[in-house]
Amino acid sequence: MTLNRRTFLGTAGVIAAGLSAPMVLAQGKPRVVVVGGGAGGATAARYIAKDSKGEIDVTLIEPTRTYYTCFFSNLYLGGFQELSDIAHSYGTLAANYGVNVVHDWAVGVDRDAKTVSLAGGGSVPYDKLILSPGIDFVDGAVEGWDVSAQNKMPHAYKAGSQTELLKAQVMAMPEGGTFAMVAPPNPFRCPPGPYERVSMVAHVLKANNPTAKIIVADPKAKFSKMALFQEGWANHYEGMVDWIGEDFGGGNVSVNPDAMTVTIDGEETKVDVCNVIPAMKAGRIAELAGVTDGNWAPVNAADMSSKADPNIHVLGDASQQGDMPKSGFSANSQAKVCANAVRGALTGSKVFPAKFSNTCWSLIDADDGVKVGATYEATAEKIAKVDGFISQTGEGADLRKATYEESLGWYAGITSDMFG
Amino acid sequence: MRWPTILMFAAALGALAPATSATENLGDADAGKIVFAKCKGCHQVGEGAKNKIGPHLNGVFGRKAAALEDFKYSKSLVRAGNSGLEWHADTLSAYIENPRAFASGTRMSFAGLKNAEERANVIAYLRIFSDNPRDIPEADPTAKGTDHSVDPEILAIQGDPEYGAYLSSECTTCHQIEGSDEGIPSIVYWPDEDFVIAMHAYKDKQRPHPVMQMIAARLSNDEIAALAAYFRNPE
């Protein structure tokens, strides 16, 4: 590939954009620009390109060439997946769906001119802009930690090298050592994620380092699937996990990455690994585009359009939409509603009513899967929950195994729904 | 327990429940024995029955689906069993009415028994061979065989494939459009009727699975028809 960090994957059926001048695009066609190639962005790009059958010019801006899904990255930590199993590229979106994939950072949005500027120079014009940038961390959320400390105390909450680093640190723990996690306050990406991670780390330690301990400092009094996880920890990893919730000072925490210490409610502990998952906010481009209010970007439930700009839609973790959890499944679901609305606005295709759903599977130990899910609808105020279910404590091993196998099927399904 | 005992059992129940329903819903076991001839190619039942192409059917009432250890069931039935499907008069009836609509991917290659009376009769016949009281929850002998034939008016709805294509995006988060069957069943290239019956079976909580029951619960008859029209031949 050519030209510094910016690459266009030219595709049959799409007029090749001038490599040094991304402004030059197919004449006359409506243009959709999608920022962020995760569960929201990749899905939106694919559905708009697929369903418009070439009537809409779709550009996807995503800095990484290899995308690691955050969902299932805990299973990599637990040894149930290889890193390569959760790695995806954008070749099919470009080749089979005619999406212009631009590997670059979006660094600004000019809402009057309707252009997105790129770190590598130049800008891309849009008629409709879809922002699906995921999360960033709130500065100063955990005393003593900032992003510069992420190699000593990884967050591993954007999958890839951080996840690899955290796993290497867990594997290198001394016998009987201590793994600490600083859990985030609500709302955050993947509500069961930190607790599935605790389970996966416990699984690895039980096999390799059974006298090791896990401490979780949590600013919350309760968490997603709490009864299921706590039952699982007691059954599979007895005495290993010490969860310190809000009531016991779990929110009063500071860390010292150089000394590798964690201080919880005034009590300092030397630890061997410290996974700091700070408070979160919308990915930075949402803020740069001026569509955030506080940490997140408020949207209209019917089409995921920004409350600040009808030509911008915000998907997934970055959006503030109501009742849906911030999950890959939610982002994928929102992307389809958004794609349908955007296509309708640009080409006059039929727009159908919004329907949203989500299911989150978590793995507690080998073949011990649990899930929680719900359906949602668009109301005038927000995306509102309609109905839901959750796995029960005390379920049989057969059902838990079936739930885990179902999660593998879901992973294959959603990733092919995102990347083609 | 043989037939005379069954009658006594039914009579005993009759003392507790309204007398009419018990015998009415059980069907006629003698007539059912004749119906069972259609099943005999694959299934044995009675003394010395063994697994053949299909599992033996002794003690099937009250048993979890796919529960015989020495029979290799389809993934689909194993999944249904793990999700809580037990064989009772209603579930057996729904299954044999249209096996594939009830359990996608079942290896039971049987078109189905559309006649409700024949189903009730053959179930009454099978019921004779489920004679261990432990396996007979009180409701079983009198449980109404659910006639799971969907209202013909609903089956007659012509679905809008374009709407189905939009709605299908909710399905393809899990079910792959290429038709993979690992962990989650394939739902493509189904006959419309099978699809509609299956979705209504989830909607009516006849098929067990919390995600599917939830998804189906809010789909209208038109939406289910639209999905069937789309998945019949996607793209």
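Per-structure values
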quantity: Criterion (assigned to a loop (DSSP other than H, G, I, E, B), under 24 Å from residue B:187 (Cα atoms), of a type in the set (Phe, Trp, Tyr) and in contact with a helix residue (DSSP H, G or I) (Cβ under 9 Å, 6 or more places away or on another chain)) met by exactly one of B:95, B:73; calculated: B:73
quantity: Scope the stretch B:91-117; condition acidic (Asp, Glu) and surrounded by 20 or more Cβ atoms within 10 Å (Cβ to Cβ); matching residues; calculated: B:97
quantity: Residues of the stretch A:350-367 satisfying the condition of being among the small types (Gly, Ala, Ser) and within 10 Å of chain B (Cβ to nearest Cβ); calculated: A:357
quantity: Flag if residue A:60 is in contact with a strand residue (DSSP E or B) (Cβ under 8 Å, 6 or more places away or on another chain), buried (at least 21 other Cβ atoms within 10 Å of the Cβ) and more than 19 Å from residue A:409 (Cβ to Cβ); calculated: yes
quantity: Residues satisfying the stated conditions in the stretch A:302-361, i.e. buried (at least 24 other Cβ atoms within 10 Å of the Cβ) and acidic (Asp, Glu); calculated: A:317
quantity: Qualifying position, being surrounded by 22 or more Cβ atoms within 10 Å (Cβ to Cβ) and either in contact with a strand residue (DSSP E or B) (Cβ under 9 Å, 6 or more places away or on another chain) or farther than 23 Å from residue A:227 by Cα (or both), among A:142, A:147; calculated: A:142
quantity: Complete set of residues in the stretch B:46-82 that are on the phi < 0 side of the Ramachandran plot and under 14 Å from the mean Cα position of the chain (by Cα); calculated: B:60, B:61, B:63, B:64, B:65, B:76, B:77, B:78, B:79, B:80, B:81
quantity: Unique match (being in contact with a Ser or Thr (Cβ under 7 Å, 6 or more places away or on another chain) and either over 24 Å from residue A:335 (Cβ atoms) or not basic (Lys, Arg) (or both)) among B:195, B:231; calculated: B:231
quantity: Those residues of the stretch B:104-118 which are over 23 Å from residue B:49 (Cα atoms) and either in a helix (DSSP H, G or I) or within 14 Å of chain A (Cβ to nearest Cβ) (or both), in sequence order; calculated: B:104, B:105, B:116, B:117
quantity: Test: residue in the stretch B:177-185 that is in a helix (DSSP H, G or I), over 17 Å from residue A:375 (Cα atoms) and more than 8 Å from every other protein chain (Cβ to nearest Cβ); calculated: no
quantity: Selection within the stretch A:261-279 - more than 15 Å from residue A:143 (Cβ to Cβ) and either out of contact with any Ser or Thr (no Cβ under 8 Å at 6 or more places or on another chain) or free of Cβ contacts under 8 Å to residues at least 24 places away in the same chain (or both); calculated: A:275
quantity: Of the criteria (1) assigned to a loop (DSSP other than H, G, I, E, B); (2) surrounded by fewer than 23 Cβ atoms within 10 Å (Cβ to Cβ), which one residue A:184 fails; calculated: (2)
quantity: Tally of residues being surrounded by fewer than 18 Cβ atoms within 10 Å (Cβ to Cβ) and assigned to a loop (DSSP other than H, G, I, E, B) across the stretch B:26-43; calculated: 4
quantity: Qualifying residues in the stretch A:35-68 (those that are over 14 Å from the mean Cα position of the chain (by Cα) and among the hydroxyl-bearing types (Ser, Thr, Tyr)) - the one farthest from residue A:304 (Cα to Cα); calculated: A:66
quantity: From A:113, A:94, A:87, residue being more than 24 Å from residue A:329 (Cβ to Cβ) and without any contact (Cβ under 8 Å) to a residue 40 or more places away in the chain; calculated: A:113
quantity: Hey, residue A:135 out of contact with any His (no Cβ under 9 Å at 6 or more places or on another chain), under 30 Å from residue A:49 (Cα atoms) and either modelled with pLDDT of 95 or more or acidic (Asp, Glu) (or both) or not; calculated: yes
quantity: Subset of the stretch B:56-98 (residues that are among the β-branched types (Val, Ile, Thr) and within 14 Å of chain A (Cβ to nearest Cβ)); calculated: B:78
quantity: Conditions (1) away from chain B (no Cβ under 14 Å); (2) part of a loop (DSSP other than H, G, I, E, B); (3) surrounded by fewer than 21 Cβ atoms within 10 Å (Cβ to Cβ): number failed by residue A:278; calculated: (3)
quantity: Some residue of the stretch B:148-158 being within 10 Å of another protein chain (Cβ to nearest Cβ), of a type outside the set (Gly, Ala, Ser) and touching a residue at least 40 places away in the same chain (Cβ under 8 Å); calculated: no
quantity: Residue in the stretch A:333-349 that is more than 10 Å from chain B (Cβ to nearest Cβ), in a strand (DSSP E or B) and farther than 27 Å from residue A:84 by Cβ present; calculated: no
quantity: Lone unmet requirement of (1) under 22 Å from the mean Cα position of the chain (by Cα); (2) part of a strand (DSSP E or B) for residue A:166; calculated: (2)
quantity: So residue A:255, is it under 21 Å from residue A:365 (Cα atoms), assigned by TED's automatic domain parsing to the domain that holds residue A:173 and not charged (D, E, K, R); calculated: no
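This table checks each residue for (1) in contact (Cβ under 8 Å) with a residue 24 or more places away in the chain; (2) crowded, with 20+ Cβ neighbours inside 10 Å; (3) within 10 Å of chain B (Cβ to nearest Cβ).
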{"site": "A:369", "(1), (2), (3)": "yes, yes, no"}
{"site": "A:383", "(1), (2), (3)": "yes, yes, no"}
{"site": "A:389", "(1), (2), (3)": "no, no, yes"}
{"site": "A:394", "(1), (2), (3)": "yes, no, no"}
{"site": "A:397", "(1), (2), (3)": "yes, no, yes"}
{"site": "A:403", "(1), (2), (3)": "yes, yes, yes"}
{"site": "A:406", "(1), (2), (3)": "yes, yes, yes"}
{"site": "A:413", "(1), (2), (3)": "no, yes, yes"}
{"site": "A:417", "(1), (2), (3)": "yes, yes, yes"}
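Here is a yes/no grid of residues against (1) at pLDDT 90 or above; (2) more than 11 Å from every other protein chain (Cβ to nearest Cβ); (3) outside any loop (DSSP other than H, G, I, E, B):
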site	(1), (2), (3)
B:131	no, yes, no
B:137	no, yes, no
B:162	yes, no, yes
B:196	yes, yes, yes
B:208	no, no, no
B:222	yes, yes, yes
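The values are calculated or read from the model by the stated rules, or taken from the named source; none is laboratory data. The structure displayed is predicted, hence computed values, not measured ones. Neighbour counts are summed over all protein chains in view; Cβ atoms, including those assigned to glycine, are modelled from backbone coordinates with ideal geometry.
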